[in-house]
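A short worksheet on the structure shown next.
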Amino acid sequence: MREVRIRDTLSGALQSIDPEHEVGIYACGPTVYSRIHIGNARPFVVFSLFARFLRSEGFKTRLVVNVTDINDKIYVAAARAGEPSAKFAAEMTAAYVSDTDALGVGRPDAEPKATETVEGIVELIADLIEGEHAYESGGDVYFRVRSFADYGKLSNRRPEDMDQGEEAGTAGLKEERLDFALWKATKEGEDTSWDSPWGPGRPAWHIECSVMAEQELGASFAVHGGGSDLVFPHHENEIAQSEAAGRPFAHVWMHNGMVDTGGEKMSKSEGNIFQLKEALNRYGREAVVAYLISGHYRQPLAFGELPMEEAVARVERIRNFFRTQAGPGSGGASPEQQRGGSGETPPDPDSGPARRVEAFRDALADDFNTPRAMAELFELIAEANREDELPGAVEAVSEMVELVGLGTLSSPDGSGEADEGAERLMAERDEARAAKDFARADAIRDELVSMGYEIRDSADGPRLVRR
Ligand SMILES: [Zn+2]
């Protein structure tokens, strides 16, 4: 087992993950008011693969990613869609699960929802009121920021630079501007509410994560993750809520950088590829995953057609490696060796390929440095391509791609064997796309997926591949 270290946002230092205890990871998930975009997919992939790596090193690991299904944005979007907000949130949650399933990196161990956590939320708020860290005002409840001396320790901001971003209407209800809402009384136009000691209402946003993290992982857990846009106010407020109530919180704070989609400009000029579903549709899941791990998780990541085409090319390079090195009649390892690594010649730990795997794992152990790890993988592929035969290379690359969620690239690919019905649907999909009927094209893609096919976009246009 390697020493695994992560750059902690709170201390600024590299912190080791404790191998003696279960590694609880809590990562903030999406607010389900629309289809998720590529930016939401980044934390999902980063934390799923980080948990996978820890497990492969022998750490007992539990990953929790919540779903925020109570929120102002949901009320607004549901009203616009002409649907009850609970129904709308349930539909968007199902879409989120289906979109992230399609990433093929597995599901978190637990995915708690705000709507299923209200009881625990009410209890924590009551505790905070009892400890004079919170107060009721006009049916709302607010956290008294001044009562928590450590406030600001995560984001290192001065109070005058802090803005909770809450609606102007709450100003008259708060003792101080910096206080933030824990509970909101039901307002006109809101069609869901829960009973509480302060009247009917609903939880505000931050409190759910304090409660879910503790319910799923216990009061003191290893890693709290999320996008860097959540450092303030969301994570600052989670710390205040939990620690003010005397509950120790996360040991390490791990934040991923933002995906830069260029905002409106990109959505207009390049269609909807910032939507995860559309990016998956256009580039295939391997390219999307390869793109998301192409930069260090803490750095911002530029999104657009060019970086996606580069990811497609990298994926093709890996696929070609397996085709040529492991394909029939090649001098490389047999498919049996490739699958189980149980061929006649066990990998030599001193060989180039085995050392590359060690370097790959060392990079992941060092603040989860996926670009450095992938550089090892591509150097090994280049080396193997130069040689007639490089024993152990196929096994080594198989292990590497599996660790970063790209294991399907090492299996023989059954393209070209699609049956007639699938080929006909594929042609219909091409027509629908040409006519810009994307709803129809998506429906056909879903049908093909249910038939066991995947559409991969390559340099020669979309190809149908058996999953
Ligand atoms: Zn959260």
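The values are calculated or read from the model by the stated rules, or taken from the named source; none is laboratory data. Just so you know, these numbers come straight off a predicted model, no measurement behind them. Glycine gets a Cβ as well: all are built from the backbone with ideal geometry, and neighbour counts include every protein chain shown.
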### Sole residue being among the charged types (D, E, K, R) and at pLDDT 95 or above, chosen from Glu214, Glu270, Glu188
Glu214
### Query
On the given criteria, is Glu389 part of a loop (DSSP other than H, G, I, E, B) and either without any contact (Cβ under 8 Å) to a residue 40 or more places away in the chain or farther than 30 Å from Trp253 by Cα (or both)?
yes
### Task
Residues being over 29 Å from the mean Cα position of the chain (by Cα) and among the hydrophobic types (A, V, I, L, M, F, W, C): count how many of those fall in the range 144-183.
7
### Query
Is there a residue being at pLDDT 95 or above, part of a loop (DSSP other than H, G, I, E, B) and polar (S, T, N, Q) anywhere in the range 294-303?
yes
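Considering only the range 152-172, state which residues are part of a helix (DSSP H, G or I) and at pLDDT 95 or above.
Correct list: empty.
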### Query
What about Asp191, is it without any contact (Cβ under 8 Å) to a residue 60 or more places away in the chain and of a type in the set (D, E, K, R)?
no
## Note on the structure
Given (1) away from the ligand (no atom under 15 Å from the Cβ); (2) under 17 Å from Gly139 (Cβ atoms); (3) among the hydrophobic types (A, V, I, L, M, F, W, C), Phe180 misses just (1)
### Query
Gly199 is checked against (1) more than 16 Å from the ligand (Cβ to nearest atom); (2) part of a helix (DSSP H, G or I) and fails just one. What number does that condition carry?
(2)
## Note on the structure
Given (1) within 16 Å of the ligand (Cβ to nearest atom); (2) out of contact with any Cys (no Cβ under 7 Å at 6 or more places or on another chain), Leu49 misses just (1)
### Query
When residues of the range 14-29 are filtered for being in a loop (DSSP other than H, G, I, E, B) and within 16 Å of the ligand (Cβ to nearest atom), how many remain?
2
### Message
With the structure loaded, tell me whether Glu175 is in a loop (DSSP other than H, G, I, E, B) and closer than 11 Å to Ser137 by Cβ or whether it fails that test.
### Response
yes
### Message
Residue under question is Val231, and the condition is that it be surrounded by 23 or more Cβ atoms within 10 Å (Cβ to Cβ), more than 26 Å from Glu83 (Cα to Cα) and modelled with pLDDT of 95 or more; does it hold?
### Response
no
### Message
I'd like the full set of residues that are free of Cβ contacts under 8 Å to residues at least 60 places away in the same chain and within 11 Å of the ligand (Cβ to nearest atom), limited to the range 232-254.
### Response
Glu238
#### Entry: Unmet requirement for Ile36, which otherwise passes all of (1) within 14 Å of the chain's Cα centre (by Cα); (2) within 16 Å of the ligand (Cβ to nearest atom); (3) at pLDDT 95 or above
(3)
#### Entry: Options Glu216, Glu188; residue that is acidic (Asp, Glu) and within 15 Å of the ligand (Cβ to nearest atom)
Glu216
### Task
Please tell me if Thr100 is polar (S, T, N, Q), touching a residue at least 60 places away in the same chain (Cβ under 8 Å) and closer than 25 Å to Gln241 by Cα.
no
